[in-house]
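The values are calculated or read from the model by the stated rules, or taken from the named source; none is laboratory data. For clarity, every value in this text was computed on a predicted model and none was experimentally measured. Backbone-built Cβ (ideal geometry, glycine too); neighbour counts: all protein chains shown.
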Amino acid sequence: MAGEETGEFCGNCDSHNCYQYPAKVFCSTRYWQHLDPIVDTLWHCSSYNRVSQECYCVREAKKKAAASAQS
């Protein structure tokens with residue numbers, strides 16, 4: 001898993017919670033800011049704050065995106 005999920009993605013942020021695994025996450029920071037809290041796992045905003053342990057949702061979202069691109 002190391003290296004594969006590196007990058008700034010909502011799924012690697014300390015504000016994310018599972019929503020529609022693996023494509024969408026609920027962002028508590030955006031919720032507190034009165035913005036749409038449902039965002040793509042592979043997106044990120046200016047409030048991004050990396051977690052110490054990578055989340056599986058990033059890896060699974062990348063797999064899903066790659067599979068959709070091949071279809």
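For the stretch 28-69, the set of residues classified as of a type in the set (A, V, I, L, M, F, W, C) and without any contact (Cβ under 8 Å) to a residue 40 or more places away in the chain consists of TRP32, LEU35, ILE38, VAL39, LEU42, TRP43, CYS45, VAL51, ALA65, ALA66, ALA67, ALA69, listed by residue number. Of the residues making up the stretch 8-23, those that are out of contact with any helix residue (DSSP H, G or I) (no Cβ under 7 Å at 6 or more places or on another chain) and buried (at least 20 other Cβ atoms within 10 Å of the Cβ) are CYS10, CYS13. Test VAL58 against the stated conditions and say whether it is of a type outside the set (Gly, Ala, Ser) and in contact with a strand residue (DSSP E or B) (Cβ under 8 Å, 6 or more places away or on another chain). Judged against the criteria, VAL58 is not a match. Consider the stretch 49-63 and keep the residues that are in a loop (DSSP other than H, G, I, E, B) and over 11 Å from GLY11 (Cβ atoms). The one that is modelled with the highest pLDDT is ASN49. Can you spot a residue in the stretch 22-38 that is assigned to a strand (DSSP E or B) and touching a Pro at 6+ places or on another chain (Cβ under 6 Å)? Yes, the stretch 22-38 has at least one match.
Which number in (1) surrounded by fewer than 16 Cβ atoms within 10 Å (Cβ to Cβ); (2) among the hydrophobic types (A, V, I, L, M, F, W, C); (3) not in a helix (DSSP H, G or I) marks the one condition that LEU42 misses? Result: LEU42 fails condition (1) only.
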